[in-house]
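Notes follow once the structure below has been shown.
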Amino acid sequence: MSRLEAKKPSICRSEPLTGERTRASLAALRGLVTSCYGPAGRLKQLHNGRGGSVVTTSQSAALLAGLPVSHPVLKVLTAAVRNHVACFSDGGLFTAILCCNLVENVQRLGLTPTTVIKLNKHLLSLCTSYLKSEVCACRIPVDFSSTQILLSLVRSILTSKPACMLIAKEVDHISTLILRAFLLTIPENAQEHIILGKSIIVPLKGQRVIDSAVLPGILIEVSEVQLMKILPIKKSDSFKVALFGVSLSGDLSDTGEGTLLVSYEVSLENAALDQLFNLGKQLVSDRVDLVLCQKVIHPSLKQFLRTHHVIAVDRIGVSLMEPLSKVTGAWPIGSLGSISPNSYGSIKDLCIAKFGCKHFFHLIPNKTTICSLLLCNRNDTAWDELKLTCQTALHALQLTIKDPYVLLGGGCTETHLVAYIRHKTRNEPESVLQDEGCSQTELQLITDAFCTALESLAGSLEHDGGEILTDSKYGHFWSVQADLPSAVNWPDLLSRCGCGLYSSQEELSWSFLRSARHPFPPQTCLSREATGSASTLTLDCFTAKLSGLQVAVETASLILDLSCVIEDTN
């Protein structure tokens, strides 16, 4: 018998943010996520000290999932970021970096949490109201009659994930496939309320990325031995399909703690086989062409169906059951009793496809919003990262249907917002001071902390020691190499802004990011001519970034309002 220990009392720590451990932990997390941010972000390798797989990534979803966090404050922050990523897929690093910056900046001010939270809430309202307004100069409406904006959005997401290991030609190819897969999930006769289909990602590792493809319908992987037993497939105008969600192996179901009474001289195995053969006879009499089973089909039943020219495919797995039901129109059959005629479905055609060394059944539907994205990459690590990135890009495209806008990327939205907020609070402070009951000094301090957090976020895109500039007309982000000469002619060194919208050949003036300068009103009301003039833009998902901004500010306010932390040490 093990020795019993007395229960230890819980530890209560007051003012948790003032402790050196908290500050060091927050700085460590900020440094980690900041180093991963953007197309030039540094990769991280996650592995368990006891062994197991190694994950190479720069994405917040994989990073935070494999990162053990013990500090209570960091648990609050990472939980908020992971919840945001679960809902929107994109913008996890943006949210985490901004939240860390806000907490650290405000800590240095020494203001009361109540004042900080009220003013941060007001500044957040300024940002969201502006981003949702028609005069916003960093928001572009999505024109679904053209693929230019949508392709730029997908390409921006792919290039921001360096662990995918894609060259420019491969980025263009995968971007086109993702957009095609997304368009295949939209119903042809879409009404006001659209129900999107599904894109199924099929793995093909060890192949060239350029061999990736999109096919309408569903691909079901089969072994070469199984394929040889099924061939040839008869040609038909349509194939009648039966979809089973129950095992057809003939095994007895688990009786739990109950007792199974069997009559004398009754063989359970023969009884189960008789039931399966009766089921097979009904399938043959109902002229079923294709039997799909989530679990296992008994070899004798397979042989019986094969002799009657019925194709039987088992071990499909639970993940394909819902898509198969949509593609075929069949209801998953959950018993071995009599089958209702309404449970059957149909497909237009069934053919064999070979990609690399794998063989597939290709189910071609009559009319559906299900497609298969056959995704190739050189190795397991790069494929896992590419799969996660493709899922993010597909989700971002789906979000554009609800909110048909995108935001300028490459740090330009952040620096433009900074210019807008500084000018707004400097020239129209009266409404804030009356509504929030704070002083001019407090407003200025919080505004500087908020804007500095956004500027630091934009500056996180530079990882090679380069300098960051902003222009005084649009308030956009510009990057230039380090070790500048003493006499600088900016148009000669700069090419285009971070999002690619504006050229340095325009009559602009620049200043270093975070340098002292007088607040200026950035140009608003983005023209269609400006967006159409740029061949490629760096874009962000509007819905995901707007949510990330709100989550970052609200989580920072929650952390700043913590007065004590109670930990159970048992």
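The values are calculated or read from the model by the stated rules, or taken from the named source; none is laboratory data. Quick caveat, the model's predicted, so the values are computed rather than measured. Cβ coordinates were reconstructed from backbone atoms using ideal geometry, including for glycine residues, and neighbour counts include every protein chain displayed. Please note that ligands, DNA and RNA were not included when accessible areas were found on the heavy atoms of the full protein model with its side chains. Shrake-Rupley method; radii C 1.70, N 1.55, O 1.52, S 1.80 Å.
Identify, from the list Leu63, Leu43, Leu77, the residue that is within 15 Å of Thr392 (Cβ to Cβ) and of a type outside the set (Asp, Glu). I'd like the intermediate steps shown before the answer.
Values: Leu43 fails: within 15 Å of Thr392 (Cβ to Cβ); Leu77 fails: within 15 Å of Thr392 (Cβ to Cβ).
Step by step, each of Leu63, Leu43, Leu77 is checked, and only Leu63 is within 15 Å of Thr392 (Cβ to Cβ) and of a type outside the set (Asp, Glu).
Looking at Cys293, is it at pLDDT 90 or above and in contact with an Asp or Glu (Cβ under 6 Å, 6 or more places away or on another chain)? Break it down stepwise before answering.
On the way: at pLDDT 90 or above: yes; in contact with an Asp or Glu (Cβ under 6 Å, 6 or more places away or on another chain): yes.
Yes.
Among the residues making up segment 370-414, those that are closer than 30 Å to Gln207 by Cβ and in a loop (DSSP other than H, G, I, E, B) are Arg378, Asn379.
Restricted to segment 353-367, and to residues there that are assigned to a loop (DSSP other than H, G, I, E, B) and touching a residue at least 24 places away in the same chain (Cβ under 8 Å), the residue that is most open to solvent (accessible area, probe 1.4 Å) is Lys367.
So which of Ile200, Ile210 ends up being under 28 Å from Lys387 (Cα atoms) and either assigned to a helix (DSSP H, G or I) or charged (D, E, K, R) (or both)?
On the way: Ile200 fails: either assigned to a helix (DSSP H, G or I) or charged (D, E, K, R) (or both).
Just one listed residue meets the conditions, Ile210.
Taking segment 283-298 as the range and being closer than 15 Å to Ile333 by Cβ and open to solvent by less than 40 Å² (accessible area, probe 1.4 Å) as the test, the residues that pass are Leu283, Val288, Leu290, Val291, Leu292, Cys293, Ile297.
Which number in (1) in contact with a His (Cβ under 7 Å, 6 or more places away or on another chain); (2) over 30 Å from Ala382 (Cα atoms); (3) among the basic types (Lys, Arg) marks the one condition that Arg108 misses? Unmet condition: (1). The set of residues from segment 51-66 being in a loop (DSSP other than H, G, I, E, B), in contact with a strand residue (DSSP E or B) (Cβ under 9 Å, 6 or more places away or on another chain) and open to solvent by less than 40 Å² (accessible area, probe 1.4 Å) comprises just one member, Ser58.
Quick one: in segment 73-122, of everything that is of a type in the set (Gly, Ala, Ser) and part of a loop (DSSP other than H, G, I, E, B), which residue is least open to solvent (accessible area, probe 1.4 Å)?
To start, the set of residues in segment 73-122 that are of a type in the set (Gly, Ala, Ser) comprises 79-80, 86, 89, 91-92, 96, 110.
Now restrict to residues that are part of a loop (DSSP other than H, G, I, E, B): 89, 91, 110.
Details: Ser89: 35, Gly91: 18, Gly110: 70 Å².
Only one residue tops the list, namely Gly91.
Here segment 231-255 is the region considered, the condition is being within 21 Å of Val296 (Cα to Cα) and either acidic (Asp, Glu) or at pLDDT below 75 (or both), and the residue that is surrounded by the fewest Cβ atoms within 10 Å (Cβ to Cβ) is Asp254. Look at segment 7-50 and say how many of its residues are open to solvent by 90 Å² or more (accessible area, probe 1.4 Å) and either touching a helix residue (DSSP H, G or I) at 6+ places or on another chain (Cβ under 6 Å) or among the aliphatic types (A, V, I, L, M) (or both). Summing the residues that are open to solvent by 90 Å² or more (accessible area, probe 1.4 Å) and either touching a helix residue (DSSP H, G or I) at 6+ places or on another chain (Cβ under 6 Å) or among the aliphatic types (A, V, I, L, M) (or both) in segment 7-50 gives 1. The condition of being among the aliphatic types (A, V, I, L, M), open to solvent by less than 50 Å² (accessible area, probe 1.4 Å) and touching an Asp or Glu at 6+ places or on another chain (Cβ under 9 Å) holds for only one of Ile186, Ile149, that being Ile149. Of all residues in segment 369-381, none satisfies being open to solvent by 50 Å² or more (accessible area, probe 1.4 Å) and over 30 Å from Leu46 (Cβ atoms). Residues of segment 213-230 that are surrounded by 15 or more Cβ atoms within 10 Å (Cβ to Cβ) and either assigned to a strand (DSSP E or B) or modelled with pLDDT of 80 or more (or both): Ala213, Val214, Leu215, Pro216, Gly217, Ile218, Leu219, Ile220, Glu221, Val222.
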